[in-house]
1. Right, residue B:158: open to solvent by less than 60 Å² (accessible area, probe 1.4 Å), touching a strand residue (DSSP E or B) at 6+ places or on another chain (Cβ under 8 Å) and either in contact (Cβ under 8 Å) with a residue 12 or more places away in the chain or more than 9 Å from every other protein chain (Cβ to nearest Cβ) (or both) or not?
2. Considering only residues that are assigned to a loop (DSSP other than H, G, I, E, B) and open to solvent by 10 Å² or more (accessible area, probe 1.4 Å), look in the range B:162-187 and name the one that is farthest from the other protein chains (Cβ to nearest Cβ).
3. State which residue is surrounded by the most Cβ atoms within 10 Å (Cβ to Cβ) when the search covers only the range B:188-222 and only residues that are in a strand (DSSP E or B) and not polar (S, T, N, Q).
4. Among (1) assigned to a loop (DSSP other than H, G, I, E, B); (2) within 12 Å of the chain's Cα centre (by Cα); (3) under 24 Å from residue B:46 (Cα atoms), there is one condition residue B:272 misses while meeting the rest; what is its number?
5. Among (1) at pLDDT 95 or above; (2) buried (at least 16 other Cβ atoms within 10 Å of the Cβ), there is one condition residue A:144 misses while meeting the rest; what is its number?
6. From the residues in the range A:142-155 that are outside any loop (DSSP other than H, G, I, E, B) and either more than 7 Å from chain B (Cβ to nearest Cβ) or in contact with a Cys (Cβ under 9 Å, 6 or more places away or on another chain) (or both), which one is farthest from residue A:208 (Cα to Cα)?
7. Among the residues of the range A:188-206, write down those that are more than 7 Å from chain B (Cβ to nearest Cβ) and touching a residue at least 24 places away in the same chain (Cβ under 8 Å).
8. Going residue by residue through the range A:105-114, is there one that turns out to be within 14 Å of chain B (Cβ to nearest Cβ) and of a type outside the set (Gly, Ala, Ser)?
2 protein chains.
Amino acid sequence: NSSAKVGAKCVRLNGALIKQLLDSVDSVLFDCDGVIWRGDQAIPGAPQVINLLKQKGKHVFFVTNNSTKTRKMYADKMASLGFNVSEEEIFGTAYCCARYLKSVCGLEGKVYLIGSPAMEQELEAVGIRQTGAGPDLIAGKQNDWANVALDPEVKAVVVGFDEHFSYMKLNRALQYLSQRGSLFVGTNRDTRLPLEEGRAVPGTGCLLQAVETAAQRQAHTVGKPSHYMFDCVASQFPVEPGRCLMVGDRLDTDILLGSNCGLRTLLTLTGVSTLADAEEHRASGCPQRQAMVPDYYVESIADVLPALQG
Amino acid sequence: NSSAKVGAKCVRLNGALIKQLLDSVDSVLFDCDGVIWRGDQAIPGAPQVINLLKQKGKHVFFVTNNSTKTRKMYADKMASLGFNVSEEEIFGTAYCCARYLKSVCGLEGKVYLIGSPAMEQELEAVGIRQTGAGPDLIAGKQNDWANVALDPEVKAVVVGFDEHFSYMKLNRALQYLSQRGSLFVGTNRDTRLPLEEGRAVPGTGCLLQAVETAAQRQAHTVGKPSHYMFDCVASQFPVEPGRCLMVGDRLDTDILLGSNCGLRTLLTLTGVSTLADAEEHRASGCPQRQAMVPDYYVESIADVLPALQG
C-alpha cells in the first residue's frame, strides 16, 4: 500500500465513484448483522442491492462470525427477508469451522463441542462426530472434576457460542486440551453480541478466552478477521482478491479481514462501528490500527442502490 | 533494593541463617496449599513449625487466595491437622473480599455474587447482602438475556470461585456492570487450581477474565499479589513490613505479594513453583520478573524445624 493510498482512505462513496468501484470488482463479500439486516429486520434496500448485484453478474457471498446457524438456517432467513441467495453463498462460522477441521486439519477423531445445535449439524454434515451441545452438569469435587470421564476418540476442542457454557464445560475442555496433540479451534473472538438500544450480551470471545486461560493455550480461530474465512470462499469459487470488495459494519473484524486478504473495504454505518472510530484508527499512526481503516464508507448499504438501478 | 541485594537473592536457607532470619522478624505470613498442607494432608513438620513460631512469640498469619472457605472453615481444618491457630489469624479471599467491600469501598448496596456459599457467609458477616450462590438457569433468547430482571439494590459485582459459573451468570454480571457506578471486585486471578499428579482444574482467573472481557472493564482483585491482602492483616495487627517474612510456594502470587509489600520472602518447594522457575526470573533482566525471585528458599517448611527446636 502506497502512502498515497492510505491518505485517500475512508472516502465517502457516492455518485460516479460507486459505479467505478462496482465496475472494478467481480465479487462482493457481505457481513450480515448490522449490514444487510438488524436482528430480524432487513436493512431497507438491502435485498434489492444483493439481488441487483447478482443480476449484474457479480458473485455475492455472506461471511458471518455468528456460529448459531447452519447455512440452511441462514438461507431460510434470507429468503424470508427477500434476499435471492443460495446456501452455497453463505459462510457462517459453524460451517467454516467444520470445513477447517475437515480440510485444513484433516481431523480424524471426534470433537468436544462447546457450541450450538447448528455447529453439531455442520460438523456432522462434513462427517465429523462430536460430543453434543446442551448442558453439562457438575458432580462431585475438584478431584472428580480433574478425573472426569473423557471420550478417548476426542482429538479436538471446538469453542463457539454456547448458551449452556459452564464451569464443567470449561473443566472438560481443559482436560481434553491437556492431552498431547489435541487440536483447539474457536469460531471467533467477538466479545459481545450487540443488540438494539446499546444493549449487548456476552459473545463467544469471552468463552474462548476462559478456555484459553484455563488450558494455557491459544486457539486457532476461523472467523473474521482470520483470513480462513476468505480462504474458505476462495477454495470454492474463483475469487480474485484484487477484484473483490468486503462490506461490513465492524472495523476490527470485517474491515480487518478485508485488509488482511488484500480486498477493498467498505464500512456501512448501520451497525457497530462509527466514522469517528475509523478516523481514530487512521490518526493513530499505528500500522495495525490503520489496517482497520476502510477504503470507503456509506451511511447504509442502500446508498449504492441508485447506481445499480441506473 | 540495591543490586547487591538482588545478587544475593534465592539463597538456600539452612543452619545459622535460619536462626538469623527468624530473629530479624516479628511476623510470618504463610500461604496454605502447597506450603503447610497439600489437599487434606499437612506437610510433615508444618504444624510443629507453626506452633513453635507462636510459642516463641512470633505473629503468624495465613493468607490464601482460595475463596471457597470461611475463616471458621479454615480454623476447623487447621485444628484437625494439628495447627494451633485462631480464626483471627486467617485471611482467605472470601473474608478479605468482604472486608474490602465494607472498609475500603464503603459499599452500601447489595452484591451480585459469582461465588461460593463461603463468600455468601463472609459477606453477610460484615453486613453486606448478596444475591446468593448456586445455579442460574438460562431462559429465553438473546433479547431476553439483555433484558434480564436486575435487582435495583445491587451496586457491586463480585467474582470468586464458582462451580456453578455459567453463561447466564456471565450475562447477568455484564448487565450489572453496564450500570453507572457499579463496583467490580474479584477475589484473585489464579488461572488453575493445581491438584496431585500434575492435574488441575480451572481457577477463578478464568471466570474473572470472561467477565472482564464481556464487561470491557478490569476488576480490582483483593488476592495475592494485590497488596490488599497484606493491608488487611496490617489493619488488624501491628505488622512492620521490614520485620515480616512471607512464605509461599508460588512466585507469581506469594513471592510477588511479598516483594510488592516490602517483606522478605521464602519459597518452599512443596508446591507449584520450582527453583528453576525462580532462576529463570532472576536471569531475565526484567524488573517485573525479578520481583518474583524470593530472598530465600527451602525444600520444605520442615527445614526450619531444627532451628526452632534448638
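The values are calculated or read from the model by the stated rules, or taken from the named source; none is laboratory data. For clarity, every value in this text was computed on a predicted model and none was experimentally measured. All Cβ positions, even for glycine, are placed from backbone atoms using ideal geometry, and neighbour counts span all protein chains on display. For the accessible areas, the whole protein counts, side chains as well, though only heavy atoms, and no ligand, DNA or RNA atoms are used. Shrake-Rupley method; radii C 1.70, N 1.55, O 1.52, S 1.80 Å.
1. On the way: open to solvent by less than 60 Å² (accessible area, probe 1.4 Å): yes; touching a strand residue (DSSP E or B) at 6+ places or on another chain (Cβ under 8 Å): yes; either in contact (Cβ under 8 Å) with a residue 12 or more places away in the chain or more than 9 Å from every other protein chain (Cβ to nearest Cβ) (or both): yes.
So residue B:158 fits the description; yes.
2. So the first thing to find is which residues in the range B:162-187 are assigned to a loop (DSSP other than H, G, I, E, B), and the list is B:162-165, B:178-182, B:187.
Subset that is open to solvent by 10 Å² or more (accessible area, probe 1.4 Å): B:163-164, B:178-182.
Numbers: B:163: 5, B:164: 7, B:178: 8, B:179: 12, B:180: 13, B:181: 17, B:182: 15 Å.
The extreme case among them is B:181.
3. Narrowing the range B:188-222 to residues in a strand (DSSP E or B): B:192-194, B:200-202, B:220-221.
Adding the requirement that they be not polar (S, T, N, Q) leaves B:192-194, B:200-202, B:220.
On the way: B:192: 19, B:193: 19, B:194: 18, B:200: 21, B:201: 26, B:202: 29, B:220: 13.
Step by step, filter the range B:188-222, then rank; the result is B:202.
4. Going through the list (1) assigned to a loop (DSSP other than H, G, I, E, B); (2) within 12 Å of the chain's Cα centre (by Cα); (3) under 24 Å from residue B:46 (Cα atoms), residue B:272 breaks only (2).
5. Unmet for residue A:144, out of (1) at pLDDT 95 or above; (2) buried (at least 16 other Cβ atoms within 10 Å of the Cβ): (2).
6. Taking the range A:142-155 first, the residues outside any loop (DSSP other than H, G, I, E, B) are A:142-146, A:154-155.
This time we only want the ones that are either more than 7 Å from chain B (Cβ to nearest Cβ) or in contact with a Cys (Cβ under 9 Å, 6 or more places away or on another chain) (or both), so: A:144, A:154-155.
Working: A:144: 23, A:154: 18, A:155: 18 Å.
Applying the filter and picking the extreme gives A:144.
7. Filtering the range A:188-206 down to residues more than 7 Å from chain B (Cβ to nearest Cβ) leaves A:188-190, A:194, A:196-198, A:203-204.
Within the range A:188-206, A:188, A:189, A:190, A:194, A:196, A:203, A:204 qualify.
8. Initially, the range A:105-114 is screened for residues within 14 Å of chain B (Cβ to nearest Cβ), giving A:114.
Now narrow it down to the ones that are of a type outside the set (Gly, Ala, Ser): A:114.
Within the range A:105-114 (the criterion being within 14 Å of chain B (Cβ to nearest Cβ) and of a type outside the set (Gly, Ala, Ser)), the answer is yes, since at least one residue qualifies.
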